[in-house]
Structures are given as structure tokens and as C-alpha cells.
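Asks: Have a look at the structure that comes next, please.
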Amino acid sequence: MSMNSKSKAWWRELLVPVVAVLVGLAIGAVFMLFTGANPLDAYRALLSGCFGSPVNLSETIVYVTPLICTGLSIAVAFRAGLFNIGAEGQMIVGMLASAIVGYALTGLPRIIHLPLTILSGMVAGGLWAAVPGYLKARFGVHEVVNSIMMNYIALYFSHYLVNGPIKDPNLASPYSPEIADAAKLWRFVGGHGSEFRVNSGIIIAIVAAILIYRLLYKTTKGYEIRAVGLNPEAARYAGIDVSTAMARSMLIAGSMAGLAGAIQVCGIQYKFLDLFAFEGFGFDGIAVALLAKGNPYGILAAASLFGVLNRGSQMMQLLARVPKETAGIIQASVVFLVAAEGIVEGWLPIRRMAKLDVAGKEETR
Amino acid sequence: MGKPQSVPVLEMRGITKQFPGVLANDHVDFRLNKGGIHALLGENGAGKTTLMKILYGLYQADEGTVLVDGKDVSIQEPNDAISLGIGMVHQHFMLIPPFTVAENLVLGAEPRKHGIFMDMESAIAKANEISEAYGLAIDPHAKVMDISVGMQQRVEILKALLRGAEILVLDEPTAVLTPQEVVELFEIMRNLTEQGKSIIFISHKLKEVLDISDHVTVLRRGKSIGTVATPETSQQELARMMVGRDVELVVEKGPASPDESILDVDALHVLDHRQLPAVRGVSFSVRAGEILGIAGVDGNGQSELVEAITGMRRPASGRVMINGCDVTGVPPRQVFESGVVHIPSDRQRHGLILDFTVAENMILQTYYKAPFSRRGELDWETIHTEARRLIEQFDVRTPSEKVAAGSLSGGNQQKVIVARELSREPELIVAAQPTRGLDVGAIEFVHRKLIEARDDGKAVLLVSLELDEIMALADRIAVIYEGEIVGIVDPDTVTEEELGLMMAGAMRGPQPKAAGGESR
Ligand SMILES: Nc1ncnc2c1ncn2[C@@H]1O[C@H](COP(=O)(O)OP(=O)(O)OP(=O)(O)O)[C@@H](O)[C@H]1O
Ligand SMILES: [Mg+2]
């Protein structure tokens, strides 16, 4: 969908996700009835879990922030026709790089140290993604296989580092030393130790979404990326360097996932904490990008929805005794319905128009 | 019409279809006689495909009724059409390339063994049976991706017949066929009507329509202009009905006044995608102010030659010079920058990004240059204004420049490409099949544009499978056969027979080097 036809059809674009969310909630409710819980209580608990108190609200935003970045990461790659399943690993190396630059350098003023720390996370993520990007562009190796491998390399590499070279010797647990105060993001309420962990990272994420939107639709580089994603043969005919555009989109995608990691370190954790498994922000980012149909602004909304469901599910469990997995079921139903948008469109009066669009693509002469 | 042979098997009454911004069908009436071949004619975007898609259940009409064998029917989706005995062969085949012919034929209605396993033997038996019943020879074991386009079309026709089609819709079936394959298709069509099938035939080629059909219905801008019996009409009359004015079927052109050479191709060897030699030692040049036509049967190295010249395929050896600069093996952008434009033969694979808007497609090669962008930032206002100007100038029928190129009719998609390429102020125009799928009016327009460009001192390399087009436009004709130029001849003195013989490799003409006058 191009930006030009967007203005007229935006409500139609929105209709499918909104209906999908409502149906997803209904499916969740049915599931809860099966388990003997009261769906109304559960959803009330979900809402209060997310917005009920200032701390809850703050934590919800904290959770949404990295999801926005990983969602953008997947969307940018997707626009070039690539599937970046490696956001998980790119985020890990982003965290590592930011943690190291954050604690290893001292005595720098904030105006230098903070941007440097965040940038190093983005660069690390970008380089991590550049490996599968390069292999794809140069040798045609499928990016999915490589990205998955890169995820595991990142995970185990981080184990190694945080249990050895960058481990804080003063602590028993496998943590890296705390980053310098000059490398920390500003928390809106209270200081660096505030219980309100919401911080300026959310602003960075929103700005990133705006910049990615501008990149895709207002710049020549974005035009190239979209052209390559939609029809690489035609892009090649037109003189666009297909490999470069693909590699560039992977680089940007990786830097977005790296940004997620940087914000996590500079805004929330202040150090690298050993990971026992993938945290899932990268994988959830796939669902977020899908739900948003790759639109950067849609990603803001989709990430919020996922953040709310994830955070709220803990409260549902606590207050309404609903298994936490219910949130997973709702999320999965929503993503499924959006992915198979034909199903939702079939329920709606827009069906005939939608069918027409599809047929238009089919008219192939 | 009380005669028994004119019983309508199909009647469409008052069909109306509105697309956003376009009234594609406006109270169209259409009747098809049993055993008849009824041609549907009309300009690009007149609504032919739309009418047929309504018949086949791919679109729903806003108004109007369809009667099959005199009975009112409702066609909601292709399955309804199929069960009413309506079959459609789309221009773009709906076959699965890695599957065999037999597998494709039974797709969707596969014979089963033990309930779940596909019964290959009876599939092949079925394929043989149907191909014999209609005299359509096929090889059921061959993979679809290995057979020719003409064969694939046969498979599509058989697929429709296998599903019990009594009414067959063929949407521009000849646009992708070689002249020999067209002859074969027409034989098949005549055979089918003898067996009582009725056929709707869409084509832009008036000769074909006069040759094969018994009735012609002409659409113009969504309206039915009228139906005539084929024996009582002529090319000129049909062209006038379509376009609403007299059309020059062969555009007038004065003698060429060629200047120094712009394109020099020297001993060029090019491999195809299987790494087999496709172009074998080709040399020629095209001078400013002339049109050099490359004539030949499809698959004799034309596409590889064009791709090597335009930078899309690296030649194995030899040299390509443009304006005295060596551009052998340089990427497409560098070729364009040296003043070359390229109308590609496959508009949907190369020429357009169907999901991009018309405006976005208009800047496919120039997006990074002023005035369309400055310092990496696109200027949408200028882009849209320029797109609107080109749409107007080249008469592209589209509701606006902001719709997806894929929603345009086939011919209008081609016009978008022609508009984009010819507006780029080239020195050399490489035009491969520039009028494929265009209506007579649009062909006249494109031909005139190419001649104008020539008179304006541009060099034109025209590659076409249509001998008529080559004869009408070219100042010199180079005949290509099995990757070699077997002769360069003068269209004023050569006969069609001689050309035919040369294209078949049975005769050689004067060689480029011997032709003299070749400046280098
Ligand atoms: N899916 C669609 N969405 C919007 N507009 C459409 C769609 N399909 C066709 N149209 C419009 O309807 C009109 C008729 O198109 P149609 O494809 O029927 O033309 P056609 O007679 O087959 O032309 P051609 O000879 O070029 O194939 C065109 O103006 C086209 O832009
Ligand atoms: Mg058509």
C-alpha cells in the first residue's frame, strides 16, 4: 500500500485490525469460560494491570518501547522483501555493546556518552544483521536460516561474555558492571533509581517510527527498498542496485533491533543481565509488524496492544485466576486473523471492494 | 433470428460495473450463439476483460442479468460459472510450473486412490482421453515449465474442457503466440465449434478477428457500440467503431535521413539463463535518425540481445558502444545515463511494479534525479504533476495517477511504460514489443511517436515478433536466426516471403559488413 492511496482508505486499513482485536478478545473470553473464569473480571484486571496505577502504566510503556523498535526492524526488512527473524539476536548484541560502552568509558559528559552508548548498540545490531544481509545479497543465501543461526551465536556469545570477560567481579550473579550515570536515559519521574522506570526511550522509539516512515515514503533510498521488495526484477531493470538496497534495509533493520537493546540497557537495566533464553522481543516484533501491516505508525499501535496484553496478563492471573497463557491465545488469534485478512474481510461489508483489489493484482497482462 | 443455429447459449443484458472512478461496463448487452465464435473488440480499458470476469464470477456486476441457455442464472464465483459450463483462459496462465501437464489438468478435481492418494495413472488416462477427444495433442508427462507458451495455452483450454466447458472465453490468447501457434490455435477453435462449443474471443488484431470470428461486438469506454456480422465488415470499419474516428492502420513515414551511428554492436556473444549461447557473434549499428528493426521468430536470441545492450545481462564477449562510449557489461543505470531508454517486452515482470501507483511507476529510473528528488528526498508534488502530464499526453485511461498500476487494463499498463520511456529524452530507444496488447488507436499513437523520435534524430532499435510492425516502421531490417544476424535488408525491396525464409533460417541475406554504408 502506498502512502498516496492511504488517505482515502485509511479507515479500511484500520477496520481489519480493529475487528481482529475484538474477535481475538472474544476468543479469549470463550477460552476463559472453559476454564471457569469470568471474562469480564479478567479483562477488568487486564486493564487495571496496565493502566490501573501509575506504576502499572509506567511498566506497560517500558514493555512497549522495545517492541516498537523490533517491530520497525522487521517492517523495514520486510519492505525489501526480506524476513528478519534475527531481531532477537540483533537486540542482544545491541544490549551487549551498549552495556560495554556504558561502563567501560568513564568521565565523559552526558551529551557525548549517552548518544555514543545508544549509537554503539545500534551499530552492533546493524552489523549483526549485515552478516545475513551480505550473504543474501552476495551469494543469495536465504536470510532466515542465517538470522536464526545469528540469534544463537548472539545468545551464547553473551553468556560467555557476561560469565567471563565483562562480568562484574564484585557480584555473584552473572551481570556486567553498571553503566555510568552519564550513559543513562532520563526517567520522567524521580531519578535513576525511581520505581517509575518509564524513560525517554519511549520518545526515541516514537521518533524512530517517524523517521522510518519518512525513510520509506519520502526518500529515494526508501523508494528503492520498496521497489526491490515488491518486484526485484523490475527494480533491476530500472537500474536500482538490488543487492545494495537489500543490504541497506537489513542494516537499518538491525540498527532498530539494536536500538531496542540500547534502550533496554540505558533506560531500564543499566547493565547486561545474563539471559537464560531469548526474551522474545524480536519474535513478538514479527507479530507486531504483521499486525501493523508493516506501517511504521501502525507499529506504534500494534506494539501498544501487545504490550498491554502481555503486561495485563500477569494481573489477570493474579486477580481473576486466569492462566497467563490466555493472553498468548488472544495475541495469537489477533495475529492469525490479521494475517489471514481475507477471513475478516469476508465478515465485513467491505468484502466486495477487497475482492476487487485482489483481482486487480491478478489482471496480469 | 429464428434460424436454429442462432439460438443464444449466452445472453448478458444491461451489465453495469463501476470501479472507483471508472464506469468499466455501462449497460452492456451481449449474446453468443451456439457454435459461434464471437469476437469482443475495444480500446484498452474499454471493459472487455471486466465483462468476461463478470461472466466468470471474478467480479460481481452492479446491474444486469446473465442468461445461459435462456435461463436466468446467478454467478457469484468461478465455481458457479464452471458448473454452468463456462470456462475461461486468462491471458496470464494459472498453471503450476513444476507440475506435469496431467497434474495441472486434474488440479482441483484430482482422481484419488484409497481416498487420499492421488491416482496418477487415471490422471494421465484422463489427460490422454480428453486430448484425443478434442484433437489437442499434449504430452501429459511433461512439466509445464518445460513446454512452450502455445502448449501451456492448450493445457489451459483442455483444463476448461475437462471441467465441462460449453462456453469458452479466450482473453487475448494470441498476444503471446507466434504466428505459427496462432494458426494452430485457430484450427483448435474451429474444431471446438464443430463439436458444438461456443467461443468468446478477445483480440486487438483486426486481421485475426476477421479471420476467425462470425460476429464482432465492439465496446468503447464501457458501452457497447454494436454488433456486426464479420463477413459484412472490414478492418477500417471495426477500427472506426472502436476508436470513434478513422485510424491509420499503417502510419505514414517519410524517408529516413540517418546521421552518425549511435549504437554499435560488435561481435557480441551472449549466454542465456541456462548458460547456452543465445546470441552468437552479432554485429550491427543503429544510426541517429533511423529505425533498425530486428525481425525473427521468438526465442532466437532477441531478448538476450536486448538485455545485453541495456545492461541487464553481461555479454560473454564482444562490444557494445553507445555514442562512442564502451558500455559493454555496465549496469543498467549507467546504460540509461548514456542516453538509452528501454521498453521491455515483459511489462509485468520488468516494466512495472504493479503495487506501486502509476505516479511511482513513472519515475522508476529517474526518481533519484532532480526535479523528482533533491538530496535524497522525494518531491511528491512534482512527481504527481509530471505523472498527470504524461497520463494526459499519452492518453492513459486511469481514474488518477494515485491508483495502483496493477488496476489498469493491460493496454493502459503498456501505455504507462511507453510514456515513461519516451519522455526521457533519449538518444537511443530500445523498444521490445512496444505495442503488445495495445489497441489499434494506441498502436498508431506509439508508431507515430517512434517515427517522430526518429525524425527528431534519435536512433531506434525495434525488436518485434510482428512482421507487420517491422515492415511498417523499420528503415532497415536485421533478421535474427538462432542468435545470428542472417541478413540486413531494405523493407522497400524485400518481400514478406523472403523475410519468412530468412527468419526460418532457409535463406541468408546480405551481411551487415557487406552491406556497406555502415559507418563505424
Ligand atoms: N480491479 C480493478 N480495480 C479498479 N479499476 C479496474 C479494475 N479492473 C479494471 N479496472 C478499470 O476498468 C476499466 C476497464 O478495464 P478492462 O481490464 O476491462 O479493460 P480491457 O477492455 O480488457 O482493456 P485491455 O485491452 O487494455 O486489456 C479500466 O479503466 C480499468 O482501469
Ligand atoms: Mg483486458
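Asks: Could you work out the relative contact order of the stretch A:188-314? I mean the mean sequence separation of Cα pairs under 8 Å and 6+ apart, divided by the number of residues, in percent.
Replies: 23
Asks: Follow-up. Using a probe radius of 1.4 Å on protein heavy atoms only, what is the accessible area buried between chains A and B, both sides summed, to the nearest 100 Å²? Mind showing how you got there, number by number?
Replies: Working: alone 17260 and 23000 Å², together 36490 Å².
Rounded to the nearest hundred, the buried surface is 3800 Å².
Asks: Summing +1 for each Lys or Arg and -1 for each Asp or Glu, what net charge is found among the other residues whose Cβ lies under 13 Å from the Cβ of B:Q275?
Replies: On the way: positive: B:R274, B:R313, B:R314; negative: B:D272, B:E304.
My count for the surroundings of B:Q275 gives +1.
Asks: A follow-up question, please. With all protein chains present, how much of the accessible area of chain A (probe radius 1.4 Å) comes from carbon and sulfur, to the nearest whole percent? Please list the in-between numbers first.
Replies: Working: 10480 of 15240 Å².
Carbon-and-sulfur percentage of accessible area, whole number: 69.
Asks: Could you run the Debye sum over the Cα atoms of the protein assembly as shown, one equal point scatterer each and no solvent, and tell me log10 of I(q)/I(0) at q = 0.05, 0.10 Å⁻¹, two decimals?
Replies: For the protein assembly as shown, the Cα-only Debye profile gives -0.36, -1.19.
Asks: Just the accessible area for B:C325, please: 1.4 Å probe, Å², rounded to the nearest 10?
Replies: 70
Asks: To the nearest whole number, what is the average tally of beta carbon atoms from other chains within 10 Å of the beta carbons of peptide A:228-236? Show your work: numbers first, answer last.
Replies: Values: counts 1, 2, 5, 9, 1, 8, 13, 4, 5.
Shielding by partners across A:228-236 averages 5.
Asks: Summing +1 for each Lys or Arg and -1 for each Asp or Glu, what net charge is found among the other residues whose Cβ lies under 13 Å from the Cβ of B:I443? Could you put the intermediate results ahead of the total?
Replies: Numbers: positive: B:K205, B:K207, B:K415, B:R436, B:R448, B:K449; negative: B:E43, B:E248, B:D395, B:D439, B:E444, B:E466, B:D468, B:E469.
Summing Lys and Arg as +1 and Asp and Glu as -1 gives -2.
Asks: I would also like to ask the following. B:E307 accessible area, nearest 10 Å², 1.4 Å probe?
Replies: Approximately 30 Å² for this residue.
Asks: Right, next: Compute the Cα gyration tensor for the stretch A:290-337, then decide on rounded, prolate or oblate, letting a ≥ b ≥ c be the square roots of its eigenvalues: rounded whenever a/c is under 1.5, prolate when a/b is larger than b/c in the other cases, and oblate in all that remain. If you can, show how the numbers build up before the last one.
Replies: Numbers: a/c = 5.23, a/b = 2.03, b/c = 2.58.
The shape class here is oblate.
Asks: Provide B:V489, A:V189 ordered by accessible surface of protein heavy atoms (probe 1.4 Å), highest first.
Replies: A:V189, B:V489
Asks: Moving on. Top to bottom by accessible area (1.4 Å), largest first, where do A:Y175, A:Y134, A:Y237 land?
Replies: A:Y134, A:Y175, A:Y237
Asks: Ignoring everything except DSSP H segments at least 4 long, calculate the 222 nm mean residue ellipticity for chain B; use -39,500 (n - 2.57) per segment, divide by total residues, nearest 500. All intermediate terms of the calculation are to be shown ahead of the outcome.
Replies: Values: 16 runs with 157 residues, N = 520.
Computed mean residue ellipticity for chain B: -9000 deg cm²/dmol.
Asks: Please work out the ratio of the alpha-carbon Rg of the stretch B:1-149 to 2.2 N^0.38 Å and round it to two decimals.
Replies: 1.26
Asks: To one decimal place, what orientation-averaged projected area in nm² is obtained for the convex hull of the Cα set of the stretch B:329-373? Walk me through the numbers before you get to the answer.
Replies: Numbers: hull surface 15.3 nm².
Directional mean of the projected Cα hull area for the stretch B:329-373 stands at 3.8 nm².
Asks: May I pose another question? Taking 7 Å along the Cα-to-C-beta vector as the label spot, tell me the A:V30-B:D346 distance in nanometres, rounded to one decimal.
Replies: Spacing of the two 7 Å Cα→Cβ label points: 4.5 nm.
Asks: Per residue, how much accessible area does the protein assembly as shown show when a 1.4 Å probe rolls over the protein heavy atoms, in square angstrom?
Replies: Averaged over the residues of the protein assembly as shown, the accessible area is 41 Å².
Asks: Counting only protein heavy atoms, what percent of the accessible surface of the stretch B:8-243 is carbon or sulfur at a 1.4 Å probe?
Replies: Reported share for carbon and sulfur atoms: 52 percent.
Asks: Next up: According to a simple spin-label model (label point 7 Å from Cα along Cα-to-Cβ), what is the distance in nm between B:D272 and B:D456?
Replies: It works out to 3.6 nm between the two label points.
Asks: Right, here's the next one. Once all Cα-Cα distances of the stretch A:57-322 are split into 5 Å bins that start at 0, what whole-number percent is in each one?
Replies: Histogramming the stretch A:57-322 at 5 Å steps yields 1, 7, 13, 17, 18, 17, 12, 8, 4, 2, 1, 0, 0 percent.
Asks: How big is the Cα convex hull of the stretch B:199-327 in projection, averaged over all directions, in nm²? Display every interim value, and only then the final one.
Replies: Numbers: hull surface 48.1 nm².
About 12.0 nm², averaged over all directions.
Asks: While we're on this one: Protein chains only, probe 1.4 Å: how do A:W11, B:W380 rank by accessible area, largest first?
Replies: Result, largest first: A:W11, B:W380.
Asks: OK, next. Step through the table entries B:K71/B:K207; B:K17/B:K197; B:K17/B:K253, compare each Cα-Cα distance with 29 Å, and write down the pairs that go over it. Before the final figure, lay out the partial values.
Replies: On the way: B:K71/B:K207 34 Å; B:K17/B:K197 27 Å; B:K17/B:K253 41 Å.
Correct reply: B:K71/B:K207; B:K17/B:K253.
Asks: Another question about this same structure. Calculate for chain A the 222 nm mean residue ellipticity that helices alone would give, adding -39,500 (n - 2.57) per DSSP H run of length 4 or more and normalising by residue count, nearest 500 deg cm²/dmol.
Replies: Rounded to the nearest 500, it is -24500 deg cm²/dmol.
Asks: Ignoring everything but the protein chains, give the 1.4 Å probe accessible area of B:F336 in square angstrom, nearest 10.
Replies: 20
Asks: Now a separate question. Which number gives the lysine pairs in chain A that have C-alpha atoms under 24 Å apart and are eight or more places apart or on different chains?
Replies: 18
Asks: Next question. Please compute the contact order of the stretch A:57-322 in relative form: average sequence separation of alpha-carbon pairs under 8 Å and at least six residues apart, divided by the residue count, as a percent.
Replies: 40
Asks: May I pose another question? Between B:A370 and B:S317, what is the label-to-label distance in nm when each label sits 7 Å out along the Cα-to-Cβ direction?
Replies: Inter-label distance under the simple model: 4.6 nm.
Asks: With all pairs of different alpha carbon atoms counted, what Kirkwood hydrodynamic radius in Å does chain B show?
Replies: 24.7
The values are calculated or read from the model by the stated rules, or taken from the named source; none is laboratory data. Quick caveat, the model's predicted, so the values are computed rather than measured. Note that each Cβ is placed from the backbone with ideal geometry, even for glycine, and that neighbours are counted across all protein chains shown. Surface accessibility is based on the protein's heavy atoms, side chains included, excluding ligands, DNA and RNA. Shrake-Rupley method; radii C 1.70, N 1.55, O 1.52, S 1.80 Å.
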